[in-house]
Amino acid sequence: MALPKEMLLYTVDEYLALERSSDERHEYLDGHVFAMAGESLEHGDITVNLVAELRAQLKGHPCRPLTKDTKVRSGPEPKPLQNKKGLYSLPDLVVVCGTPIWHDHHKDVLLNPRIIIEVLSPTTEEFDRGEKFQRYQTWNPTLTDYVLVSQDQPLIEHFARLENGEWRYSRANELSGSLPIASINCTLSLSEVYDRVSFQTEEL
């Protein structure tokens, strides 16, 4: 997560008004507005590949992928003109099943994500693994899967919510491997996810 846009505290309404009038993309955390950094070529390729894979596998099913311009609210319903609590994030990819439930009539803030996928970056990895995931677990009861995709090595990590509320961890780290997401009956093939992506090799 990048530095705050300004050292001011914004209400949720102020943030959404700013975001909807801006050419830049921002995330929101408890009153602070953070500008999203530009993405690398690898990050962009991986995101496009993920969308293509899930789009093909979910065709004809009630679930569908939404791109990174869709925000997710992870926090209480805001009170007009005063509330500064909550996370409004911009995941790289979201899967929603059935009818999307929106924060308001603008239909740009989703309340019922099923799958959230983040492509990790050096500036966002700590937040994606820590505070962001905690907020998702606490405030998004429809979320069944959280997937983290590395961009500097072939590695996909998967957190799946069990019926008892606990989370099960699995991973795949070989280009010949794959990672199933049983809740939507899809499988991520690492060779497809990392198509066109070259990894740097350490010199001996």
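Restricting the calculation to Cα atoms, the range 21-117 yields a radius of gyration followed by a Dmax of 14.5, 43 Å. Give me the mean projected area, in nm² to one decimal, of the convex hull enclosing the Cα positions of the chain. Seen from a random direction, the Cα hull of the chain projects 12.6 nm² on average.
In this structure the amide hydrogen of residue 145, modeled in the peptide plane, comes within under 5 Å of the amide hydrogens of 116, 161, none closer than 5 places in sequence on its chain.
Pairs of Lys residues in the chain, spaced 8 or more positions apart or belonging to different chains, with C-alpha separations under 25 angstrom: 26 in total. Close amide-amide hydrogen proximity is noted between residue 93 and 117, each under 5 Å apart and 5 or more residues distant or on a separate chain (H modeled in the peptide plane; Pro and chain starts excluded).
Among the trypsin sites (Lys or Arg not before Pro) found in the range 86-184, those both in a DSSP coil and sparsely packed, with 14 or fewer other Cβ atoms within 10 Å of their Cβ, are 107. Applying both filters, DSSP loop and at most 15 other Cβ atoms within 10 Å, to the GluC sites (Glu not before Pro) of the range 133-189 gives 163, 166, 174.
Per-residue ellipticity at 222 nm computed for the chain from its helices equals -6000 deg cm²/dmol, with DSSP H segments shorter than 4 residues left out and the rest contributing -39,500 (n - 2.57). Note on the range 8-65: along the principal axes its Cα atoms extend 43, 30, 20 Å, ordered by decreasing extent. In this structure the amide hydrogen of residue 63, modeled in the peptide plane, comes within under 5 Å of the amide hydrogens of 98, none closer than 5 places in sequence on its chain. So which chymotrypsin sites (Phe, Trp or Tyr not before Pro) in the range 26-102 pass both tests, a DSSP loop state and at most 14 other Cβ atoms within 10 Å of the Cβ? In loop regions of the range 26-102 (DSSP not H, G, I, E or B), there are no sparsely surrounded chymotrypsin sites (Phe, Trp or Tyr not before Pro). Could you list log10 I(q)/I(0) for the range 83-165 at q = 0.25 Å⁻¹, which the Debye formula gives when each Cα is one point scatterer? Those come out to -1.38, one per q.
Considering only 29, 199, 124, the residue lying farthest towards the positive end of the dipole of the chain is 29, judged by Cα position with unit charges set on Cβ.
Read the figures in this text as sums done on the coordinates, not as results from a lab. The structure displayed is predicted, hence computed values, not measured ones. Please note: Cβ atoms are built from the backbone with ideal geometry, for glycine as well, and neighbour counts cover all protein chains shown.
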